[in-house]
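Okay, structure first, notes after.
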Amino acid sequence: MLIIGSSNARVGIPLGMAILRRGGSALDAVEAAIRAVESNPDDHTVGLGGLPNVLGVVELDASIMNGATRAAGAVAGVRGIEHPISLARRVMQDLPHVLLVGEGAERFAEECGFEQTELLTPEARDIYLRGLRGEENTPYAGLAARAMVHRLAMQPERASGKDAGTVNVLALDQDGNICAGVSTSGFAWKYPGRVGDSAVIGAGNYCDGRYGAAACTGRGEMAIRGATARTIVLGLAQGLSPEEAGGRAMADLDLIPDNYFSTMNCVILAPDGRHAGFSTVENQIYVGMDEHSREVESWPRTYMPVSARGQ
Ligand code: ASP
């Protein structure tokens, strides 16, 4: 039994572990852990309190994948739903579809009895407004606002990565099943309707019970272009260790020119409990618990710097 995640999953990991210890499923553990992060107003990258798009509207992406069956569900560009991870799970379980976006996802949420919630907290709104006024140390706000107003392509500029964040949670239950979940408010000041990797199965999330699971945070456009989560799991399928599979996928991303490359991070879990984490930023961690842990543990992510290629 094991549950791991990005560092902001810390608030939800004990809940997920409690479910696993009671003999619950990896699916339930992942959903519960992510719901706690989605409800954390201090996390400006996920759910309630998430930073909005350039028009000031919070748009959320999430996905969940069950390794036992490779069933998957995802939602993208959803407004007013505090727990998109649970909505993604309902898509997986109740519909013959994988991904619902925008209005359709919101309609389905209403049918499922999800309440409409104002997700833009006063604090997130302040950060958003400061960004528009150029007072936040981020190129995204100014760039996105310019693109909106002038309908111009964004100017190549290296992003700070400060506006990024997403939660990843991967769990392994007592029956040996694996599940992976991802939830995010995406890049702050993003263009309305922009969907990142978190809702794209194979990009930000992939889980195959035979080989393992991987999930990403960071610049979603890169994880989409590199099919990063799927690439990692294919590496595991070919017999690579989580460390080797992650290293190869991260190195592959470095071959894709991208003028906006900020950060990329991934976490990886194999069915035998081996795990790994990577980041393009130094001194990053990922967190988790196994059945013996008394508290949330943290492990260093392997640092994989991005070369200057494409800049
Ligand atoms: N991957 C997310 C996205 O592209 C953002 C992040 O993880 O920072 O929407």
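The values are calculated or read from the model by the stated rules, or taken from the named source; none is laboratory data. No experiment lies behind these values; they were computed from the predicted model shown. Positions of Cβ are generated from backbone atoms using ideal geometry, with glycine treated the same way; all protein chains shown enter the neighbour counts. Protein only, heavy atoms only, side chains kept; ligands, DNA and RNA dropped before computing areas. Shrake-Rupley method; radii C 1.70, N 1.55, O 1.52, S 1.80 Å.
Out of everything in the range 254-307 that is aliphatic (A, V, I, L, M) and not in a loop (DSSP other than H, G, I, E, B), what residue ends up being farthest from the ligand (Cβ to nearest atom)?
Among those residues, the one meeting the criterion is 289.
Select from the range 178-193 the residues that are over 14 Å from the mean Cα position of the chain (by Cα) and within 8 Å of the ligand (Cβ to nearest atom) and list them in ascending order.
Answer for the range 178-193, where residues must be over 14 Å from the mean Cα position of the chain (by Cα) and within 8 Å of the ligand (Cβ to nearest atom): just 190.
I need a count of the residues in the range 74-125 that are touching a residue at least 12 places away in the same chain (Cβ under 8 Å) and in a helix (DSSP H, G or I).
Of the residues in the range 74-125, 19 are touching a residue at least 12 places away in the same chain (Cβ under 8 Å) and in a helix (DSSP H, G or I).
In the range 162-189, what residues are closer than 30 Å to residue 127 by Cβ and surrounded by fewer than 22 Cβ atoms within 10 Å (Cβ to Cβ)?
Selection gives 162 alone.
Go through the range 23-53 and report how many residues are in a loop (DSSP other than H, G, I, E, B) and open to solvent by less than 10 Å² (accessible area, probe 1.4 Å).
Looking only at that region, the number is 6.
Exactly one condition in (1) more than 24 Å from residue 92 (Cα to Cα); (2) near the ligand (Cβ under 9 Å from one of its atoms); (3) at pLDDT 95 or above is false for residue 238; which is it?
(2)
Of the residues 231, 302, which is of a type in the set (Val, Ile, Thr), open to solvent by 20 Å² or more (accessible area, probe 1.4 Å) and over 30 Å from residue 102 (Cα atoms)?
Of the residues listed, the single one that is of a type in the set (Val, Ile, Thr), open to solvent by 20 Å² or more (accessible area, probe 1.4 Å) and over 30 Å from residue 102 (Cα atoms) is 302.
Spot the failing condition for residue 245; the list is (1) surrounded by fewer than 23 Cβ atoms within 10 Å (Cβ to Cβ); (2) at pLDDT 95 or above; (3) over 18 Å from the mean Cα position of the chain (by Cα), and only one is missed.
Failing condition for residue 245: (1).
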